[in-house]
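Remarks on the structure that follows.
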Amino acid sequence: MQANSQLILSIDNNVTTSTKKGKAYLIGAGPGDPGLITVRGQEILKKTEVLIYDYLAGERLLDLVPEGAELIYAGKMGGVKHTHTQEEINEMLVDRVRAGKIVVRLKGGDPFIFGRGGEELEELVKAGLDYEAVPGVTSASAAATFAGVPITHRDCTSSVAFITGHERPDKNETAIAWDKISTGVGTLVFYMGIKNLPSITANLIKHGRDPKTPVAVVRWASMPFQRSVVGNLETIADIVKEEGIKPPALTIVGDVVNYRKKLDWYEGRPLFGKRIVVTRTREQASELVSLLSENGAYCLEHATISIHPPDSWQKTDEAIANLQQFDWILFTSINAIHHFFKRLRKKGRDCRDLHGIAIAAIGRVTADILLEYGISADLVPTSFTGEGLAAAMSDQELANKKILIPRALKARKVLEEKLSASGGHVVIAPVYQNVPPVYEGTVLREEIKKGEVDMVTFTSSSTVTNFVSMLNVSNNEELQDLLKDVKIAVIGPVTAKTALSFGMTIATQPESFTIADMVDSIVDCFRTVVSG
Ligand code: SAH
């Protein structure tokens with residue numbers, strides 16, 4: 001056994017020290033919504049060693065990149081000074097691949113559509129390096145889809161052109177054949193054309209396109225803060241100016257734009273444009289975010305707790321040093337398991353040191369996580385609470401049994417009290433503590449103060465108390481003042497009671513306490529405000 005593992009280690013060493021061949025991946029990130037990257041793109045991001053990314057390549061995709069990867073922001077925001085020149089980017093790419101790294105060049109939309117993807121690949125070919133390219137959803141396609149404009153339609157157009165609007169208007173020789181595209185193509189989509197919109201529309205009219213041709217301009221397509229305006233070739237430049245539409249935006253010209261009146265599914269959703277805070281402490285948060293987003297809301301996800309090590313490891317380390325004295329170990333949360341095993345490893349031990357000790361998990365999910373550490377729980381109660389676990393334990397003979405509970409520094413005492421009452425000797429080993437996240441709290445306060453939050457949602461009493469403590473207000477009056485323009489949604493009466501105890505005013509609460517009903521009640525709440 002020992003010899004084997006040494007053998008494997010030395011093979012591993014050989015692999016890492018042998019000349020590992022680097023490879024570049026040119027990946028299209030899609031238009032901004034992280035859900036719109038391809039499956040292949042996502043797969044590669046997960047094994048990235050160096051990431052070179054652009055302004056438009058969805059920030060949230062960075063979460064997929066392994067910790068410790070080198071992240072290089074290549075900048076390139078239209079009109080703003082570039083962070084790196086194209087030559088520098090090419091050089092960084094080639095250098096890193098030569099050094100044997102897996103380098104991902106992540107670009108907004110599709111890398112080959114106004115993305116200089118071709119130029120970067122040419123550099124790699126010149127250097128004789130290995131590469132792969134992965135396409136992405138280009139922003140023209142996303143803008144059309146999310147603005148309710150079918151980019152082609154049998155009834156009015158059978159051709160579409162993607163055109164750069166970035167050409168300088170004073171350029172004497174234009175690379176765009178205005179005479180041909182104005183009347184020869186059905187739908188025209190201009191990328192990077194906001195600054196030049198007056199000259200683009202003038203050119204199209206001058207070369208024969210009907211001045212009444214409808215035009216849509218779509219900013220931040222696919223994002224919850226997308227904005228579209230519609231006009232025609234004569235009016236759109238003024239509308240864009242008046243409405244303050246800035247890049248990144250696309251201009252779609254053609255009769256297909258008329259279909260938006262019928263097909264505006266995205267911006268027409270009931271919660272579109274509403275900014276709703278979801279406090280992330282439980283698994284339910286992701287269901288809430290997904291249902292709210294589906295209704296068009298812009299969810300601001302905030303973790304209201306952050307996990308820190310306990311102030312002292314003394315009690316836990318003593319327990320770990322004398323594990324064999326315990327008859328039982330009880331795991332009451334997923335965090336307790338991860339942090340207990342982390343500490344166990346740190347002390348040079350592993351699951352073999354738990355040999356002979358009975359193990360209980362508070363519920364199925366916790367038991368499944370234990371399996372990942374090679375441990376099959378001896379006891380899992382059917383009801384997933386401290387009381388449920390205490391009840392299941394009371395069937396055991398506990399008199400004079402030593403029971404270890406690794407858990408958060410502060411936790412409910414019900415389990416240890418019940419076990420002690422049955423004659424057990426309970427040792428609590430703090431393996432982590434919940435701390436209000438200071439930075440998140442400051443960010444959230446600022447968002448609320450600036451009027452950027454329409455609603456805060458609470459799915460349990462603890463989300464209310466954690467939210468209040470992260471805001472770091474000195475009293476209820478200050479809290480009420482901060483939240484005076486923010487609607488509060490709660491899942492049920494217990495949560496409502498806690499919110500009321502802080503002086504909050506509840507805007508909506510569903511009749512039955514499920515996330516789906518809560519979202520319905522939120523939709524109704526905003527609908528009432530609009531029509532009332
Ligand atoms: N390779 C990219 C385009 C890069 S050029 C693609 O395939 O989409 C940059 C221009 O793309 C911007 O100036 C803007 O016109 C457009 N663009 C990119 N993302 C956009 C978005 N989410 N919404 C609207 N326009 C976008």
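Being part of a strand (DSSP E or B) and surrounded by fewer than 17 Cβ atoms within 10 Å (Cβ to Cβ) is the filter; apply it to the range 70-87 and report the residue that is modelled with the lowest pLDDT. For the range 70-87, the residue satisfying everything is 75.
Checking every residue in the range 172-191 against the condition of being within 16 Å of the ligand (Cβ to nearest atom), open to solvent by less than 30 Å² (accessible area, probe 1.4 Å), touching a Ser or Thr at 6+ places or on another chain (Cβ under 9 Å) and closer than 21 Å to residue 244 by Cβ gives at least one match. For the range 36-69, what are the residues that are open to solvent by 60 Å² or more (accessible area, probe 1.4 Å), at pLDDT below 95 and either of a type in the set (S, T, N, Q) or outside any loop (DSSP other than H, G, I, E, B) (or both)? The answer is 59, 60, 63. Within the range 297-316, is there a residue that is out of contact with any strand residue (DSSP E or B) (no Cβ under 9 Å at 6 or more places or on another chain) and among the hydrophobic types (A, V, I, L, M, F, W, C)? No, there is no match, as no residue in the range 297-316 is out of contact with any strand residue (DSSP E or B) (no Cβ under 9 Å at 6 or more places or on another chain) and among the hydrophobic types (A, V, I, L, M, F, W, C). Of the numbered criteria (1) of a type in the set (A, V, I, L, M); (2) surrounded by 18 or more Cβ atoms within 10 Å (Cβ to Cβ); (3) out of contact with any strand residue (DSSP E or B) (no Cβ under 6 Å at 6 or more places or on another chain), the one residue 125 fails is (2). If you filter the range 197-246 down to residues that are open to solvent by less than 20 Å² (accessible area, probe 1.4 Å), in a loop (DSSP other than H, G, I, E, B) and aliphatic (A, V, I, L, M), you find that the one that is farthest from the ligand (Cβ to nearest atom) is 233. It is to be established whether one or more residues within the range 376-387 are on the phi < 0 side of the Ramachandran plot, crowded, with 20+ Cβ neighbours inside 10 Å and part of a strand (DSSP E or B). Looking for residues that are on the phi < 0 side of the Ramachandran plot, crowded, with 20+ Cβ neighbours inside 10 Å and part of a strand (DSSP E or B), one finds none in the range 376-387, hence no.
Applying the selection to the range 333-362, what residues are buried (at least 20 other Cβ atoms within 10 Å of the Cβ) and either in a loop (DSSP other than H, G, I, E, B) or not assigned by TED's automatic domain parsing to the domain that holds residue 430 (or both)? Selection gives 333, 362. Does the range 130-167 hold any residues that are open to solvent by 10 Å² or more (accessible area, probe 1.4 Å), in a loop (DSSP other than H, G, I, E, B) and within 15 Å of the ligand (Cβ to nearest atom), and which are they? Answer for the range 130-167, where residues must be open to solvent by 10 Å² or more (accessible area, probe 1.4 Å), in a loop (DSSP other than H, G, I, E, B) and within 15 Å of the ligand (Cβ to nearest atom): 135, 136, 137, 138, 151, 166, 167.
The values are calculated or read from the model by the stated rules, or taken from the named source; none is laboratory data. Note that the structure is a prediction, hence the values are computed from the model and not measured. Neighbour counts run over all protein chains shown; Cβ positions are idealised from the backbone, glycine included. These accessible areas exclude ligands, DNA and RNA; they are computed on the full protein's heavy atoms, side chains included. Shrake-Rupley method; radii C 1.70, N 1.55, O 1.52, S 1.80 Å.
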